[in-house]
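Working notes, beginning with the structure itself.
The values are calculated or read from the model by the stated rules, or taken from the named source; none is laboratory data. Predicted, not measured: the structure shown is a model, and the values here were computed from it. Neighbour counts are summed over all protein chains in view; Cβ atoms, including those assigned to glycine, are modelled from backbone coordinates with ideal geometry. Areas reflect the complete protein model, heavy atoms only, side chains present, ligands, DNA and RNA absent. Shrake-Rupley method; radii C 1.70, N 1.55, O 1.52, S 1.80 Å.
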Amino acid sequence: MKPAPFKYARPDSVDEALALLQAGGDEAKVLAGGQSFVPLLNLRMASVESIVDLNRLDDLAYIKRDNDTLRIGAMTRHRQIEVSDEIRAAQPLLCRAAAEVGHLAIRNRGTIGGSLVHADPAAEWPLVAAVLDAQCVLRSQDNSRTIAAREFFLAPLMTAIEPNEILCEVRFPVAPVGAVWGFQELCRRPGDFAIVAIACQLTLDDGGTCSTASLAVGGAHSTPLHVAEVEPIISGSQGEAAVMTAAAEKAAAAVDPSGDVHGSADYRRRMVKVLTQRALKEAWAQKRKRALQ
Amino acid sequence: MAETQFAESQTIRVRVNGQEYEREVPVRRLLADFIRHDLGLTATHLGCEHGVCGACTIIMDGESVRSCLLFAVQADGAELQTLEGLADGDDMHPLQQAFWDNHALQCGFCTSGFLMSAVDLLDKHPRPSEEEIRHGLSGNLCRCTGYANIIKAVQAVAEQSQS
Ligand SMILES: Cc1cc2nc3c(=O)[nH]c(=O)nc-3n(C[C@H](O)[C@H](O)[C@H](O)COP(=O)(O)OP(=O)(O)OC[C@H]3O[C@@H](n4cnc5c(N)ncnc54)[C@H](O)[C@@H]3O)c2cc1C
Ligand code: FES
Ligand code: FES
């Protein structure tokens with residue numbers, strides 16, 4: 001199994017990469033960590049005329065905090081996010097999600113930008129980007145635009161990116177005061193893609209009453225799905241069991257899963273309900289744990 | 001600065017197990033094939049060639065990577081370690097010795113990938129719990145041993161280094 005022949009260039013700056021991508025036309029693609037793209041090339045499920053390798057672009061690998069925004073360069077590796085103290089302090093849900101991406105050797109190479117553009121509906125980064133309302137910064141040779149993650153994902157392995165664009169940065173809001181989160185993933189073995197995954201972030205006041213809530217589902221829909229309908233159910237509550245059940249039923253009704261060898265559509269839908277309840281419980285438990293400290 | 005151009009082959013320099021190599025390679029050559037065919041270092045095995053089995057795991061610039069998911073041109077300027085670089089002359093690396101002592105291999109096809117993954121695991125978690133070992137090696141497949149003895153071998157090395 002060898003990739004079909006292609007031409008290769010390894011630019012030193014984003015501007016150069018954008019020019020090469022433009023020159024390559026529709027038949028050129030960028031290479032990030034290669035952990036999704038190279039398997040497709042090796043299996044000859046994909047072929048390309050030219051490859052623009054982003055791996056020497058230090059100007060795309062960074063973690064920066066500007067007040068309430070975390071800015072993560074697209075070439076930042078999963079592993080760098082998993083172990084970043086700065087991210088752990090600002091938005092620990094990102095570290096939690098990063099630890100679930102594949103295996104150590106995959107996390108050493110794979111990038112957040114590559115995962116978002118690859119847009120596997122069961123992947124962790126698209127899910128977390130949807131739940132936290134992340135913003136994607138895209139550049140082409142003569143344009144730059146920012147698009148909300150919730151609008152970026154269109155279908156399995158399909159996003160709103162244009163062939164001449166590079167995803168340069170992902171922006172996450174820093175967790176607000178009172179924020180708690182839950183992250184639940186069902187998979188056969190650690191490192192496997194999720195069968196279903198749920199992420200949520202709530203803000204709770206001192207008494208434990210919820211003021212804002214965001215919840216998203218991975219692995220059970222054609223894209224990561226932000227389920228806006230659960231917010232009015234959870235807001236104003238204190239995490240009573242009936243509220244969690246109502247929210248979980250709402251989430252299960254919102255998804256349109258397809259079945260495969262890892263789980264039927266019906267199983268996935270039922271797991272959305274179970275994992276939503278667990279994720280919400282986890283979030284409120286965080287609050288109680290903090291109160292004890 | 002010279003403008004970067006698309007190319008079909010490229011001359012690369014890599015250090016593998018401390019030795020410098022310079023070779024011209026077609027850009028589509030996988031790093032795993034470069035190591036095996038161009039350099040003749042055949043301890044690195046290829047099982048699936050799409051990132052799933054871990055047999056081809058090597059250390060690049062200090063971190064474990066799948067050599068079947070990298071092109072040789074991407075390793076230009078890098079420092080690589082393969083299984084051939086693990087032993088110190090005739091003295092086996094502690095992980096190799098522990099695999100021997102604990103009967104952690106049968107056919108041996110997966111062993112080089114497991115050893116290189118374990119090197120990175122112990123580098124990042126010098127005192128791993130059993131669960132951390134299982135997670136750390138979850139990206140490597142073995143069709144013979146049932147894994148129990150592989151976990152035991154890595155535990156043995158972790159315990160040695162603590163005492
Ligand atoms: C065995 C195995 C297990 C895995 N398990 C998981 C898992 O559990 N969860 C999970 O989420 N992922 C998993 N992955 C996939 C992994 O996370 C990849 O790293 C990720 O999906 C793609 O990122 P990459 O940097 O490797 O991108 P690449 O593979 O290099 O690229 C993927 C696609 O995105 C495009 N692209 C990449 N970066 C950019 C950019 N900045 N701008 C524009 N286009 C870009 C490429 O052209 C390509 O089409 C697994 C992979 C393997 C091999
Ligand atoms: S041969 Fe590289 S992971 Fe299987
Ligand atoms: S010892 Fe045979 S595959 Fe692991």
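Output the helices (runs of 4 or more DSSP H) that fall wholly within the range A:87-147 and possess 1 or more residues being more than 19 Å from residue A:160 (Cβ to Cβ) and away from ligand 1 (no atom under 14 Å from the Cβ), or say none.
It comes to A:92-99.
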Matching entry among B:10, B:74, B:81, B:5 (being within 14 Å of another protein chain (Cβ to nearest Cβ) and at pLDDT below 95): B:5
Odd one out for residue A:84, checked against (1) of a type in the set (Gly, Ala, Ser); (2) away from chain B (no Cβ under 14 Å); (3) open to solvent by 10 Å² or more (accessible area, probe 1.4 Å); (4) out of contact with any Cys (no Cβ under 9 Å at 6 or more places or on another chain): (4)
Residue that is nearest to ligand 2 (Cβ to nearest atom), among those in the range B:133-144 that are under 17 Å from residue B:105 (Cα atoms) and open to solvent by 30 Å² or more (accessible area, probe 1.4 Å): B:141
Failed condition for residue A:288, given (1) out of contact with any Cys (no Cβ under 8 Å at 6 or more places or on another chain); (2) at pLDDT 95 or above; (3) on the phi < 0 side of the Ramachandran plot: (2)
Close pairs (7 angstrom Cβ cut-off, 6 or more residues apart or separate chains): more than 10 Å from chain B (Cβ to nearest Cβ) and part of a loop (DSSP other than H, G, I, E, B) in the range A:40-62, open to solvent by 20 Å² or more (accessible area, probe 1.4 Å) and at pLDDT below 95 anywhere: A:48/A:27
Residue in the range A:109-123 that is surrounded by 24 or more Cβ atoms within 10 Å (Cβ to Cβ), more than 14 Å from the chain's Cα centre (by Cα), farther than 13 Å from residue A:224 by Cβ and not aliphatic (A, V, I, L, M) present: yes
Segments classed as strands (runs of 3 or more DSSP E), wholly inside the range B:43-132, with at least 1 members that are within 11 Å of ligand 2 (Cβ to nearest atom): B:57-60, B:63-66
Those residues of the range A:206-216 which are modelled with pLDDT of 95 or more and either in a loop (DSSP other than H, G, I, E, B) or closer than 9 Å to residue A:131 by Cβ (or both), in sequence order: A:209, A:214, A:215, A:216
Those residues of the range A:217-236 which are at negative phi, assigned to a loop (DSSP other than H, G, I, E, B) and touching a Cys at 6+ places or on another chain (Cβ under 8 Å), in sequence order: A:235
Number of the condition not met by residue B:150 [criteria: (1) over 28 Å from residue A:84 (Cα atoms); (2) more than 16 Å from ligand 3 (Cβ to nearest atom); (3) open to solvent by less than 70 Å² (accessible area, probe 1.4 Å)]: (2)
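Just for the range A:2-14: of the residues that are open to solvent by 20 Å² or more (accessible area, probe 1.4 Å) and touching a residue at least 40 places away in the same chain (Cβ under 8 Å), which one is nearest to the other protein chains (Cβ to nearest Cβ)? Write out each step before concluding.
Taking the range A:2-14 as the starting set, the residues that turn out to be open to solvent by 20 Å² or more (accessible area, probe 1.4 Å) are A:2, A:4-5, A:7, A:10, A:12-13.
Okay, now just the ones that are also touching a residue at least 40 places away in the same chain (Cβ under 8 Å), so A:2, A:4, A:7, A:10, A:12-13.
Details: A:2: 7, A:4: 8, A:7: 4, A:10: 7, A:12: 7, A:13: 9 Å.
Only one residue fits best here, namely A:7.
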Residues (surrounded by 15 or more Cβ atoms within 10 Å (Cβ to Cβ) and either away from ligand 2 (no atom under 16 Å from the Cβ) or more than 9 Å from chain B (Cβ to nearest Cβ) (or both)) located in the range A:25-36: A:28, A:29, A:30, A:31, A:32
Some residue of the range B:98-105 being open to solvent by less than 60 Å² (accessible area, probe 1.4 Å) and within 10 Å of chain A (Cβ to nearest Cβ): no
Filter result for the condition that a residue is within 7 Å of chain B (Cβ to nearest Cβ), touching a residue at least 24 places away in the same chain (Cβ under 8 Å) and under 20 Å from residue A:124 (Cβ atoms), over A:109, A:71: A:109
Which listed residue, of B:66, B:23, B:36, is within 14 Å of chain A (Cβ to nearest Cβ) and surrounded by fewer than 23 Cβ atoms within 10 Å (Cβ to Cβ): B:36
Identity of the residue in the range B:39-63, on the phi > 0 side of the Ramachandran plot and away from ligand 1 (no atom under 12 Å from the Cβ), that ends up most open to solvent (accessible area, probe 1.4 Å): B:61
